[in-house]
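In what follows, a single structure is set out as structure tokens and then discussed.
The values are calculated or read from the model by the stated rules, or taken from the named source; none is laboratory data. These numbers come from a predicted model, not from an experiment. Using ideal geometry, Cβ is built from the backbone for each residue, glycine included, and neighbour counts are taken over all protein chains shown. These accessible areas exclude ligands, DNA and RNA; they are computed on the full protein's heavy atoms, side chains included. Shrake-Rupley method; radii C 1.70, N 1.55, O 1.52, S 1.80 Å.
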Amino acid sequence: MNHRPPPGTLLAALALTAAALAGCAAPTPEPGDPSHPGVHAPDAAGERTSALQSLQSLPVKSPAPQTGYDRNARFGPAWSDTTTAPGSQNSCDTRNDILSRDLTEITHRSGSVCVIASGRLADPYTAATIDFVRGPRSAAVQIDHVVALSASWKTGAAQLPQEQREALANDPLNLIASSGPANQQKSDSDAAGWLPANEAFRCPYVARQIAVKAKYGLWVTAPERDAMNRVLDTCPGQPLPTDTSAGVILPTS
């Protein structure tokens, strides 16, 4: 004769079996766990993306011809406050916006809430401290386009609408206050031709170039991609900056 266990006993056994199986399942990796490289610690905006991941998603193409490039005609007048870039139309021109963001010990020109008269820059490109004073020596601090405009023209910006090119030229994500001589040395080079002398800033610098290219649908050349990969090999977890990242977003006052 077959004997069936009481219904309550069968249900209890099933519950114990399910619990045992659950205990055997692989644990859910914690964000930022280095043993699970596909999982990234969330930032304030949500799931973090690494610069290396984003670089791998960028198209790789040969540079387009420089034909048709004209800084003012193709990217609008310098430091315009009338573009669609973040922080624009705040009644302060882009150059003073970036100085306000990147300098410390700031003073303003008398009667102005926008024009920076003086300040101090901890230059990310050279690691030097530079005193900025508006006037004959103000070129000691310049505003660098992280992705140079002429370089962007050859890697997809020529195909963008005028409005987007003007935003690219005034986007805080693509702008850093830096040593004037370092900026002049860089000129229109990409990562294959120039990197900051301050090696500690190379990872954030390359990550920022990648973020700009991803935002505006630009491509990288093969030498540029290889140079970026070499930098990011030293910091594979370098996060991709966003419009709201520290050091990118403009001050609110």
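Scan segment 97-118 and tell me whether some residue there is in contact with a Pro (Cβ under 9 Å, 6 or more places away or on another chain) and among the β-branched types (Val, Ile, Thr).
yes
Looking for something within 13 Å of ASN174 (Cβ to Cβ), out of contact with any helix residue (DSSP H, G or I) (no Cβ under 6 Å at 6 or more places or on another chain) and part of a helix (DSSP H, G or I) - is there at least one such residue anywhere in segment 241-252?
Looking through segment 241-252, none of the residues is within 13 Å of ASN174 (Cβ to Cβ), out of contact with any helix residue (DSSP H, G or I) (no Cβ under 6 Å at 6 or more places or on another chain) and part of a helix (DSSP H, G or I).
When you scan segment 198-218, how many residues do you find that are in contact with a helix residue (DSSP H, G or I) (Cβ under 7 Å, 6 or more places away or on another chain) and either among the acidic types (Asp, Glu) or assigned to a loop (DSSP other than H, G, I, E, B) (or both)?
1
For residues that are among the aromatic types (Phe, Trp, Tyr) and touching a Pro at 6+ places or on another chain (Cβ under 6 Å), scanning just segment 185-221, find the one that is least open to solvent (accessible area, probe 1.4 Å).
Of everything passing the filter in segment 185-221, TYR205 is least open to solvent (accessible area, probe 1.4 Å).
Could we say that HIS40 is at pLDDT below 95, buried (at least 16 other Cβ atoms within 10 Å of the Cβ) and in a loop (DSSP other than H, G, I, E, B) here?
Criteria met by HIS40.
Checking GLN56 against (1) within 30 Å of ALA222 (Cβ to Cβ); (2) within 25 Å of the chain's Cα centre (by Cα); (3) open to solvent by less than 70 Å² (accessible area, probe 1.4 Å); (4) at pLDDT 95 or above, which test does it fail?
(3)
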